[in-house]
Amino acid sequence: MKSSSEGGVRRLVQLKAAPIRRSLFRKYFLAFFAAVIVPLAISGIGDAWFGYRDQRAMLSALLRVEATSAAGKIQSFLDGIKDQLGWTVQQSWTQDEEQHRLDALRVMRRVPAIVSITLVDDVGVERLHVSRIDLNRMEGGSDRSGDPAVVGVRSNGTWFGPVTFRDGSEPFMTMAMAGNRKAGGIVVAEINLKLVWRVVSEIRVGSSGRAFVLDQTGRLIAHPDISKVLQGTDEKTAAALTRLRDEIAAAGGKATTARNADNEPVVTAMAPIPNLGWTVFVEQGQAEAFAPLYASLWRTGGLLLAAAAFASALAYWLAKRMTGPIRLLKEGTEKIGAGQFEHRIDIATGDEFERLADRFNEMAQELALSRDRSERIARLKRFLAPQVAELVEKSGDESVLAGQRAEVVAVFCDLRGFTAFSAHTEPEEIMQVLREYYEALGAIITCYEATLTNFAADGLMVLVNAPVPCADPALRAVEMAIDMQHAIQRLIAEWRLRGHAIGFGIGLAMGWATVGRIGYEARVDYTAIGHVVNLASRLCSSADDQQILVDHAVAQSVRGKISLVALGPRQLKGFDEQIPAYELGTGSARSDAMPSG
């Protein structure tokens, strides 16, 4: 769809310009200039003089509010982390150490910005270390009494380390604090300061206004353009920013005009973050900041009254010439905007209005073609791989989607233990797990050009060899299942680190089924009906974690190409006779079996 729209735009640009018999610019420019622009400009100069001080005061207040708000958000962010960390040093180390570990894990779950927590007892020995990215340690035993964080806490009660950048990208800072009692020890936490960058990036004062944060040494630690932070702050820039901070402080916190690090004229205000020694700056370009003053030059005053009669008569005559085409353009664009692409705007003025109407008509024709094509592709992509949908759309033949008998490989998969997991997990975490799950499977299904017929909760049904036939469908389905198992097992390893007991099983069966579109006019799906679908579903239900179970037909088709283990006959729900089942070797070790869920 995108390529079609771009092609339409290119064709519109390349069309030969229609000749203009009378230039709209020549007809109206001199009249508007003489009647309106000159008197408004003279009047605006007077208005600008009276409005300058008011604008300067209002701008100073606005910038100070933004800086104070940002400083407050950053301070609240760190205070919230400090309050949460206080729970980890409430109890003395003479009590159950497992409780300390649970407290640390609970705090990390509540505060995603905390990357790691290290607990040090009252003599400076590390007792516990939990981390999102490193290995956890119990009873580390290392002497941390000389650590700057521990020394700083013993001197001041709370210690904030310098800002560092891990892997040259994300900012981090170490925070340490002691408990209310000496026996509670000291907690040292590494904090991801991405929220500080987000707070700074969200500040908008006009279109050019921005905010940034300096530390005590004048180093830039947060800026909407992260590259400026990563490049570091040279001594000259640091000195200039420190001098600017001192000037604003000397002016009582009022905004001041200066040149920023890029040597651009700006208006700047600041707000300190006392506990950290940081300073939040908010600046706006002088050109934009004083734009209202420039606009005031256009105000009309006493001289406008003298020119009112002449300007009114001229404007009335010009308005009559312009009202008709403008009304037609307005009505036409409203109809085209509402989706009536067959509407045509009929204007024959011989100037820019006629040319604009012609372009709107050509655009409507292109949009109609693009809409029809996008609707067809959207319908197909609901159940076909994108490349298959494109193939069917380009050929213009949707007969392959009609109901027919076909030999297909049905693939079912779902998560083991999902019901228990969803019953004890927050909805947001469930949606995150499902999002990761479907993204991993969707990429593999698309790669193998399989057909996703439906999915519900954690279960998926996929068809191979329908509606578009493929060579050796059983082998393709088996290889797809193996890739799916490997991809999800990698996710499962991550989920289990987050405390989720989830597994993944797959079932495959090959045979004849009735395939085709099913539904009603407003909603159509592509699906398969038959014994092979039920068999694949039951094999999936019978599969344990990391298992891929296949029926006899699939096993016979891939024998000698894929390693198989015969499991013997199984009694499957809904089948009177026992069904022979086989397990595929995926090349990975078996994990503890999970219940079907």
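The values are calculated or read from the model by the stated rules, or taken from the named source; none is laboratory data. Computed from a prediction, not measured in an experiment: that's the story for all the values here. Virtual Cβ from ideal backbone geometry, glycine too; neighbours counted across all protein chains shown. Side chains are part of the model used for accessible areas, which takes the heavy atoms of the whole protein and leaves out ligands, DNA and RNA. Shrake-Rupley method; radii C 1.70, N 1.55, O 1.52, S 1.80 Å.
Some observations on this one:
- Length released on extending from Q340 to Q578, taking residue separation times 0.36 nm less the Cα-Cα span: 79.6 nm
- Accessible area, probe 1.4 Å, largest first, for residues K182, K228: K182, K228
- Relative contact order for segment 82-128: 30 percent, from Cα pairs under 8 Å spaced at least 6 residues apart, divided by residue count.
- Rolling a 1.4 Å probe over the protein heavy atoms of segment 474-587, with every protein chain left in place, gives an accessible area that is 51 percent carbon and sulfur.
- Theoretical gain in end-to-end length, S92 to A291 [0.36 nm per residue, Cα-Cα removed]: 65.5 nm
- Model label points for L367 and H486, set 7 angstrom from Cα along the Cα-to-Cβ axis, are 4.8 nm apart.
- When you count the other C-beta atoms within 10 angstrom of each residue and take the mean per peptide, 462-468, 214-220 line up highest first as 462-468, 214-220.
- Across the accessible surface of segment 126-189, with the other protein chains kept in place and a 1.4 Å probe, carbon and sulfur atoms take up 50 percent.
- Sites N156 and T425, calculated FRET efficiency, Cβ-Cβ separation with R0 56 Å, nearest 0.05: 0.90
- Counting only heavy atoms of the protein chains and using a 1.4 Å probe, L460 has close to 10 Å² of accessible surface.
- Contour excess over end-to-end distance, with Cα ends at H531 and N275 and 0.36 nm allotted per residue: 85.1 nm
- Looking at segment 463-592, the accessible area is 47 square angstrom per residue; that uses a 1.4 Å probe and ignores ligands, DNA and RNA.
- With DNA, RNA and ligands ignored, accessible area of L102 (1.4 Å probe; Å², nearest 10): 70 Å²
- Rounded FRET efficiency, nearest 0.05, which uses the C-beta distance separating D79 from R137 and R0 of 30 Å: 0.60
- For R144, the residues whose modelled amide H falls within less than 5 Å of its own, excluding neighbours fewer than 5 places apart on the same chain, are V125, E126.
- Ordering V565, V550 by accessible surface, largest first, gives V565, V550; the 1.4 Å probe counts only protein heavy atoms, with every chain in place.
- Per residue, the accessible area of segment 150-282 comes to 47 Å² when a 1.4 Å probe rolls over the protein heavy atoms.
- Exposure ranking of W278, W512 by accessible area [1.4 Å probe, largest first]: W512, W278
- Of interest is the spacing of the C-alpha centroids, which for segment 97-112 and segment 541-572 amounts to 43 Å.
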